[in-house]
Amino acid sequence: MAFYVVPPSGSVGIHLLRKWATARAKFLYDVYNCKDDEHALKQLMVNGVASVNYQYLIEGTTVDSVTHFLLR
């Protein structure tokens with residue numbers, strides 16, 4: 001995930017904002033719950049990311065920049 005300084009432009013429907021923000025927040029919550037357990041974090045990356053559409057992990061995408069600013 002990247003740190004964006006300039007906010008995204010354009011418009012996105014509220015239903016997509018909710019869907020994207022909920023998915024990103026859930027992922028961040030799962031990462032937080034791994035605490036210092038490196039094995040659990042690796043399992044999350046392998047199993048969690050593969051099973052759910054984590055577009056916000058792809059740096060530079062619209063979903064990434066919008067959810068970054070929304071949750072920040």
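The values are calculated or read from the model by the stated rules, or taken from the named source; none is laboratory data. Worth saying up front: this structure is predicted, and the values here are computed from it rather than measured. Neighbour counts run over all protein chains shown; Cβ positions are idealised from the backbone, glycine included.
Considering only segment 48-66, I want to know if a residue exists there that is outside any loop (DSSP other than H, G, I, E, B), modelled with pLDDT under 85 and exposed (fewer than 12 other Cβ atoms within 10 Å of the Cβ). Yes; the residues of segment 48-66 include at least one that is outside any loop (DSSP other than H, G, I, E, B), modelled with pLDDT under 85 and exposed (fewer than 12 other Cβ atoms within 10 Å of the Cβ). Flag: Lys42 does not match the condition of being on the phi > 0 side of the Ramachandran plot and either at pLDDT 85 or above or surrounded by 14 or more Cβ atoms within 10 Å (Cβ to Cβ) (or both).
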